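Taking it in order: structure first as structure tokens, then the write-up.
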Amino acid sequence: MNIIEFTLLVWVSSLLAGFVGSLTGLGGGIIITPVLTLALGVDIRYAIGATLVSVIATSSGAAAAYVREGFSNIRIGMFLEIATTLGAVTGALFATKISTGTISMIFGLVLLYSAYASSRPRHQRTGDCQPDPLATRLKMNGSYPTPDGPKAYCPQAVPTGFSLMFGAGILSGLLGIGSGAVKVIAMDQAMGIPFKVSTTTSNFMIGVTAAASAGVYLGRGYIDPGLTMPVMLGVVVGSLAGARVLTHAKTRWLRLLFGLAIGITAIEMIYHGLTGRL
Amino acid sequence: MVKQTLQWTDQYVEELIGNLLRVGVTLAAAVVLFGGSIYLVRHGLAAPRYHVFVGEPADLRNVSGIVRDALSLRGRGLIQLGLLLLIATPVARVAFSVAAFAMQRDRLYVVVALVVLAVLMYSLTGGHL
């Protein structure tokens, strides 16, 4: 296999990664990392560099559409980014002192449960929602487009969501991946934010978290231009396609896709915990 | 001044942020595509060697080296420059949010965005974080 064939193969996988990543709010890592390391035998450090870039590309590519269409909530995103960025810095401080294998295992098991919990259809509260005083002070209440016109929502349990986001940040600082899953779960399950708003706001946020560590990995020589080029170009196209689909997609299907995706992530994390690879 | 505050509605800010992200990603992708074509023309028939980690050469690890390589139209340098533009896009988005919230006279969120920007800058420049 020469570089042209290799590049094409990586590009096609990245198309799919960007598509799934932008629909689920997870970024493209769950597909790109195993394709590169397990299928193509790429060293994990090059794969980490390429994955980080893919997360930024998915996030920024799809967010352009999601923000303009009114799905992503900029204030919720910005406020919770305090927790995720601080968490990421904290996690990176401990990354060299803690056995990441054990953490991967625990995280994988938690995700397995979450995969089940979040793929179940949720009872949508009908009628006007009760605004939470803290969320109102933080101007988090909003509305998002649905087939029946704009629908209002009122986030709840801001402190719980904020703490979970801090945890998401720590995990991404420690393990390099997996923070998108916790972000979506925190907003969807803990804060009661509509699913599409949760995934698109997570998608909006993950670019910032990834950009924070990208500088470090560039300095360490993990970001290889030849390998990352098809990843970036594929993911951008895939994420734009995903953004087009999301508007009309049924929430039920998005939940199933999300559950499936974090189920795969869970298995990847447990595999990583057991073997130290991936 | 009242008129000014009225113009910077949430919707207008969302539009601007959407455009900023779009321009950032498009520009980055164009540079990566250009660099990638040069790289493939020159090295496309060689065998990929990614199974052993050797790390990137020093000039592809820092901003000044990347810019130098890109200016001499080296494929890998150009790709790396495009990737730098991509990494800068979310950072620019946070920086722009500070200004946008200031125009909206939303002091709380100016502080929120500034804190995020500060942590981001700290970890981008901190080296080991």
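Stretch A:K151-A:R244 to full length: gain in nm at 0.36 nm per residue minus the Cα-Cα span?
Roughly 31.5 nm would be gained on extension.
Give me the log10 of I(q) over I(0) for the range A:171-224 at q = 0.17, 0.23, 0.29 Å⁻¹, as the Debye formula computes it from C-alpha points; what are the numbers?
Here log10 of I(q) over I(0) equals -0.57, -0.84, -1.08.
Given R₀ = 51 Å, what would the calculated FRET efficiency be for A:K139 paired with B:F53, taking r from the Cβ atoms and rounding to 0.05?
Details: r = 46 Å, r/R0 = 0.91.
Working from the Cβ atoms, E equals 0.65.
Helices from chain B with mean Kyte-Doolittle at least -1.0 and a Cα length along the axis of 18 Å or more, per DSSP H: which?
Qualifying helices, which must be both long enough and hydrophobic enough, are B:10-43, B:75-103, B:107-125.
Only counting other Cβ atoms within 10 Å, I'd like B:T125, A:T247, A:T58 sorted with the fewest neighbours first.
Listed from fewest to most nearby Cβ atoms, that is B:T125, A:T247, A:T58.
Would you tell me the mean number of C-beta atoms belonging to other protein chains that fall within 10 Å of each C-beta in A:234-240, as a whole number?
The shielding value for this peptide is 2.
Viscosity 0.692 mPa s, temperature 37 °C: what is the translational diffusion coefficient of chain B from Stokes-Einstein with a Kirkwood Rh over Cα pairs, rounded to a whole number of µm²/s? If you can, show how the numbers build up before the last one.
Numbers: Rh = 17.2 Å.
The Stokes-Einstein estimate is 190 µm²/s.
Tell me, what HN-Hα J-couplings in whole Hz come from the Karplus equation 6.51 cos²θ - 1.76 cosθ + 1.60 at θ = phi - 60° for each residue of the range A:196-202, using x for Gly and Pro?
My calculation for the range A:196-202 gives 5, 5, 4, 5, 6, 6, 4 Hz in order.
Under 17 Å Cα to Cα from A:K183, which lysines show up? Leave out anything in the same chain fewer than 8 places away.
A:K196
Could you give the size of the charge dipole of the range A:3-275 about its Cα centre, using +1 on the Cβ of each K and R and -1 on the Cβ of each D and E, expressed in debye and rounded to the nearest 20? Don't jump to the answer; show the numbers that get you there.
On the way: 17 positive and 10 negative charges, 117 e Å.
With only Lys, Arg, Asp and Glu charged at Cβ, the dipole is about 560 debye.
Skipping prolines and chain starts, which residues have an amide H placed within reach, meaning under 5 Å, of the one on A:G142, given they are 5 or more residues away or on another chain?
Those qualifying (amide H under 5 Å, at least 5 residues apart or on another chain) are A:Y153.
Give the angle, between 0 and 90 degrees and rounded to the nearest 10, that separates the Cα long axis of helix A:225-248 from the longest principal axis of the Cα atoms of chain A.
Computed tilt is about 20 degrees.
Treating the angle as unsigned and between 0 and 90°, give the value, to the nearest 10°, between the Cα long axis of helix A:158-175 and the longest Cα principal axis of chain A.
Tilt relative to chain A: about 0 degrees.
Whole Å is fine, so just give me how far the alpha carbon centre of the range B:64-129 lies from that of the range A:230-278.
Measuring centre to centre over Cα atoms gives 26 Å.
If you add up the charges near A:A117, with Lys and Arg at +1 and Asp and Glu at -1, over every other residue whose beta carbon is less than 11 angstrom from its beta carbon, what do you get? Present the calculation step by step, with values, prior to reporting the outcome.
On the way: positive: A:R120, A:R122, A:R255; negative: A:D188.
With Lys, Arg at +1 and Asp, Glu at -1, the net is +2.
Can you list, largest first and rounded to whole Å, the semi-axes you get for the range A:130-278 by taking the square root of 5 times each eigenvalue of its Cα gyration tensor?
After diagonalising the Cα gyration tensor, the semi-axes are 29, 20, 16 Å.
Against the longest principal axis of chain A, how steep is helix A:3-24, in degrees 0 to 90 to the nearest 10, with axes from Cα atoms?
Relative to chain A, helix A:3-24 is tipped by roughly 20 degrees.
For the protein assembly as shown, build the charge dipole from Cβ charges (+1 Lys, Arg; -1 Asp, Glu) around the Cα centre, then report which of B:A102, A:G221, A:A83 sits farthest towards its positive end.
After comparing all options, I get B:A102.
As a check on your grasp of the helix formula, calculate [θ] at 222 nm for chain B: sum -39500 (n - 2.57) over DSSP H runs of n ≥ 4, divide by the residue count, round to the nearest 500.
Result for chain B, helices only: -26000 deg cm²/dmol.
Based on the alpha-carbon gyration tensor of chain A and its eigenvalue square roots a ≥ b ≥ c, which shape applies: rounded if a/c is under 1.5, prolate if not and a/b is larger than b/c, or oblate?
In terms of gyration-tensor shape, prolate.
Each value in this text was obtained by applying a stated rule to the coordinates, not by laboratory testing. Computed from a predicted structure; not experimentally measured. Here Cβ is always computed from backbone atoms with ideal geometry, including for glycine, and neighbour counts include all displayed protein chains.
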